[in-house]
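Readers should treat all values here as calculations from the given coordinates under stated rules, not as data from a laboratory. Predicted model, so just to flag it, every value in this text is computed and none were measured. Note: ideal-geometry Cβ built from the backbone for every residue, glycine included; neighbour counts use all protein chains shown.
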Amino acid sequence: MKSADGQEEEQWASRHGFLLAAIGSAAGLGNIWRFSYVAGQNGGASFLIIYLVCILFIGLPIVIAEISIGRNAQSDAVQAFHHARPDQPWYLAGGLAVIGCFFILGFYSVIAGWSLKYFISALTGHLSETQDNSTFFSLFIAQPVEPIFWQAIMMAATVAVVAGGIQKGIEAVNRFLMPILVLIVVILAAYSLTLDDAGLGLAFLFTPDWSAFTRPAVYIAAIGQAFFSLGIGMAIFLTYGAYLPKSHSIPGAAATIVAGDSLLAIVAGLAIFPAVFSFGLNPAQGPELAFITLPELFLLMPGGRWLAILFFGLLVGAALTSMFSILEVPVAYFIRKTGRSRSTVALALGLIIFLLGAPASLGYSVFDSATMGGRNILELYDYAISNLLLPLGGISTALFAGWGWTKAKALGASEFNDKLSGRLWLFCLRFIAPIFIAWAFIALSFF
């Protein structure tokens, strides 16, 4: 895509850089913070099996579709759909993704701010001196200023990187961050597996409870987690695909991205569940698992302060790699629409998104009485994003690639070229993904 001043089109410097950035976009808080507690609440191994099936037959086909649509047009989310079918209003699917990213990043930046707060507290030793972490967390989120402060820092860092462009900003930072994040999660997993009764955690993660396969709620949770973890439905891969040179294989790249994302989620589970079971804690703690249960666990473990620094450093880094990609979606669109420079657009959108996220950050203090259906503002953001915005965006992409394009155009853009694998891909987009996403969408009203 061309910059606002008409300079050369931005592209990834290398396939390696693209893959690191794309895996980084997927491997965020969804893999570490959200995956662990959702798996814990939904039976561990049973959930993991269903989750991986959803990734294979729903997530991977949509990732391929997004990259194909983006590279075909080499433009932003709205223009890419319009370029592919100018005779039909498919551009609305791109518009939905752009709008959705404002709210998704607003929510995401709040949790990212919490992660940064805990990382600094662990680094200074304040966290290790805390006797009651539940009270520590409650007092922190109940403050009207401090959560906003940490949220603002994470948004500022995100704006700075995205303003730097694709190669010098997003790609360069991911080349630095991603190897560090992988090293940290492997170290944490290796340590966790040495603990007494770590086998109980392994059994929970890898020995399925077959009765869980009869519970619709587990399938709904798995589909929602697949969307949240990969980030499909936000047009991230569509936007990143627009910067991908024609010489790079789309199916191979998509498979690498999905495999890397899934593997990181599993290794994060290996880091968390053996430790949780080793100390007799409940894996179904919910969202507070990372911010209440695990810090209390670190207090009990040898070298716990350093483990806390590593863990919350991992959360901060993972949050940032995803935040870059989410912000890039609306930035790409508004650069084209306004003709303004990348830095100006990134700064303006970053400020708007920060303001949208502020009510969620204040949902435990100033706006603690603002609830709906028993959910506060932050929980409403999470519910609407995971169960409404992302599935709607994902089903739109699946329907467009499966039915909006002609079969020849879809297979050509994706580079399958009417192979058996291409026909299977189209079948997943036309039938499996829409049917199961729609089923999960409807079932939310009943389970």
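A few points about this structure:
- Across the chain, the relative contact order, built from alpha-carbon pairs under 8 Å that are at least six residues apart, equals 35 percent.
- Positive dipole terminus of the chain, leading residue within Val276, Pro295, Gly44 (C-beta point charges): Gly44
- From its DSSP helices (H runs of at least four residues, each -39,500 (n - 2.57)), the chain gives a residue-normalised ellipticity at 222 nm of -22000 deg cm²/dmol.
- Here the convex hull built on the C-alpha positions of the stretch 167-272 has a volume of 129 cubic angstrom per residue.
- Report note on the peptides 239-250, 267-278: ranked by the mean count of other C-beta atoms within 10 Å, highest first, their order is 267-278, 239-250.
- Point-charge dipole on Cβ atoms (K/R +1, D/E -1) for the stretch 304-415, about Cα centre, debye to 20: 440 debye
- Per-residue Cβ neighbour counts within 10 Å put Ile309, Ile62, Ile104 in the sequence Ile309, Ile62, Ile104, beginning with the fewest.
- Residue among Ile180, Ala77, Ile257 farthest towards the positive dipole end of the chain, charges placed on Cβ: Ala77
- Fewest-first ordering of Val145, Val162 by other beta carbons within 10 Å of each residue's beta carbon gives Val145, Val162.
- Set of lysines with alpha-carbon distance to Lys168 below 25 Å, sequence-local pairs under 8 removed: Lys2, Lys246, Lys337
- Candidates Ala226, Ala122, Ala348: whichever shows maximal mean-square fluctuation once the chain is modelled as a Gaussian network with Cα springs under 10 Å: Ala348
- Cβ-based exposure ranking for Arg342, Arg336, in which fewest neighbours within 10 Å come first: Arg336, Arg342
- Listed residues Leu349, Pro86, Tyr118: farthest to the positive end of the dipole of the chain (Cβ charges): Pro86
- Computed over the alpha-carbon atoms, the stretch 121-207 gives an Rg to Rh ratio of 1.10, Rh here being the Kirkwood radius from the mean inverse distance.
- Shape box of the stretch 15-443 [Cα atoms, principal axes, largest first, Å]: 63, 50, 43
- Charging the Cβ of each Asp and Glu at -1 and of each Lys and Arg at +1, and nothing else, the dipole of the chain about its Cα centre rounds to 1200 debye.
- Taken over the C-alpha atoms, the stretch 295-433 has Rg and Dmax values of 21.5, 60 angstrom.
- Mean sequence separation of contacting Cα pairs (under 8 Å, at least six apart), scaled by the length of the stretch 181-288, corresponds to a relative contact order of 61 percent.
- Cβ-derived FRET efficiency at R0 41 Å, Arg85 paired with Val186, nearest 0.05: 0.40
- The dipole here belongs to the stretch 181-308: it is taken about the Cα centre, uses +1 on the Cβ of Lys and Arg and -1 on the Cβ of Asp and Glu, and is about 380 debye.
- Here the Karplus relation 6.51 cos²θ - 1.76 cosθ + 1.60, evaluated at θ = phi - 60°, turns the backbone of the stretch 229-246 into coupling constants of 5, 6, x, 6, x, 9, 6, 5, 5, 4, 5, 5, x, 5, 9, 8, x, 5 Hz, with x for every Gly and Pro.
- Remark on the stretch 1-147: Rg and Dmax equal 20.5, 63 Å (Cα only).
- Part-to-part distance (alpha-carbon centres) for the stretch 52-77 and the stretch 245-314, which is given in Å: 25 Å
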